[in-house]
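Structure record follows, encoded as structure tokens.
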Amino acid sequence: MQSIHDPLEFYGVDYVEFYVSNARQAAHFYRSTLGLAPIAYAGLETGVRDRASYVLQRRNVRFVLTAPLTPDHPIAAHVARHGDGVKDIALRVCDAAAAYEAALARGARGVLAPTVAEDAAGRVRKASIATYGDTVHSFIERDGYEGPFLPGYRAITERPPVPETGIAAIDHIVGNVEAGGMERWVGFYRDVLGFKQLVHFDDQDIATDYSALMSKVMQNGSGKIKFPINEPAEGRKKSQIAEFLEYYGGPGVQHIALATGDICATVDALRAAGIPFISVPAAYYDDLEQRVGAIDESRQALQERGILVDRDEEGYLLQIFSQPMQDRPTLFIELIQRKGSRGFGKGNFRALFEAIEREQARRGNL
Ligand code: FE2
């Protein structure tokens, strides 16, 4: 046993930063649909010349929406290639420089060497390494920083209305990686970041007639951070992972699962805000009780909303998947309520993929 502190011990996801074409409008969308409150801003008015960033937060969920202000900016090239999507899954650490050095020593590719940002509220150190595709992990060392987000950001004081959605935390963030890349990325999270593989199910479990994928779940030491990884597998038709890779222009974040304590209320709030969800066939609910046993929720309440249920030895979970959050069929949102289960809805994969494929067929991509 090592007694010294592991520099790659992570205290949680500090924030998720999206690169988008229009941060003002994306911030409006994520505020009014997910109920995330705008708390900080950086842009021309704060002396940032090349980009605009809005920070939205609700309890333990913090999203940053960043757009380029000039046509030849690297963020503009990122958006041109990938569309709107997740650029950075930032992780809170104790010492950003030590985390960065340790990650590089274990084989990571550096993207941003340790950098100090400072203002009247204190200082924050940040460093970044590459993960799948053009996605990065920043290491954030807050060191008691008292500002609204990071140095250079101004607090948003005049806050527009924010709907109550019940969203409370990020449960997991899923990456789609290139065909044949699974072992590489499982190895990256295991060997570089010290994560462990949580569960495994092979493509037999989740193959449908038309699609197949491999999925493995990587989790940090505390179990707080969960990053499932999907890889496309051979199917009779184009898999939804392959569709993502085509439209995203390579590997990237497929979905962010947000935890709620009352999924029915959360789904109602998001529906009222105009978020469409993947439709679930009525037949899914026919054998619900036989499949998952007794649950607290009425079958009717779940069926009306299209909420899926899965059970394992520890309990059950309720989950639902949104349609893509942007024009390209790339990033979507999952809502999840855990009632003992620490799984990811393995038993729902078949139902989910069959549902997703119906949507894919509607887009002419099956
Ligand atoms: Fe998920």
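The values are calculated or read from the model by the stated rules, or taken from the named source; none is laboratory data. Keep in mind that what you see is a predicted model, and the values were worked out from it rather than measured. Because the Cβ atoms are built from the backbone with ideal geometry, glycine has one as well, and the counts that use them run over all protein chains shown. Ligands, DNA and RNA are stripped out before the accessible areas are found, and what is left, the full protein with its side chains, is counted by its heavy atoms. Shrake-Rupley method; radii C 1.70, N 1.55, O 1.52, S 1.80 Å.
The residue of segment 142-157 that is nearest to residue 96 (Cα to Cα), among those that are touching a residue at least 40 places away in the same chain (Cβ under 8 Å) and aromatic (Phe, Trp, Tyr), is 149. If the condition is being under 14 Å from residue 330 (Cα atoms), within 16 Å of the ligand (Cβ to nearest atom) and not in a helix (DSSP H, G or I), then segment 226-255 contributes 230, 252, 253, 254, 255.
Enumerate the helices (runs of 4 or more DSSP H) found wholly within segment 1-117, keeping only those where 2 or more residues are out of contact with any Lys or Arg (no Cβ under 6 Å at 6 or more places or on another chain) and farther than 30 Å from residue 272 by Cα. Fully inside segment 1-117 and qualifying: 74-82, 96-105. The condition of being within 16 Å of the ligand (Cβ to nearest atom), surrounded by 15 or more Cβ atoms within 10 Å (Cβ to Cβ), within 21 Å of the chain's Cα centre (by Cα) and at pLDDT 95 or above holds for residue 324. Considering segment 256-366, the qualifying helices (runs of 4 or more DSSP H), each wholly inside and each with 1 or more residues that are farther than 30 Å from residue 22 by Cα and out of contact with any strand residue (DSSP E or B) (no Cβ under 9 Å at 6 or more places or on another chain), run over 288-292, 299-305, 349-362. Filter segment 119-141 for residues that are free of Cβ contacts under 8 Å to residues at least 60 places away in the same chain and assigned to a loop (DSSP other than H, G, I, E, B); which is most open to solvent (accessible area, probe 1.4 Å)? Top of the filtered list is 120.
Restricting attention to segment 14-58, the residues being closer than 18 Å to residue 74 by Cβ, open to solvent by less than 10 Å² (accessible area, probe 1.4 Å) and small (Gly, Ala, Ser) number 4.
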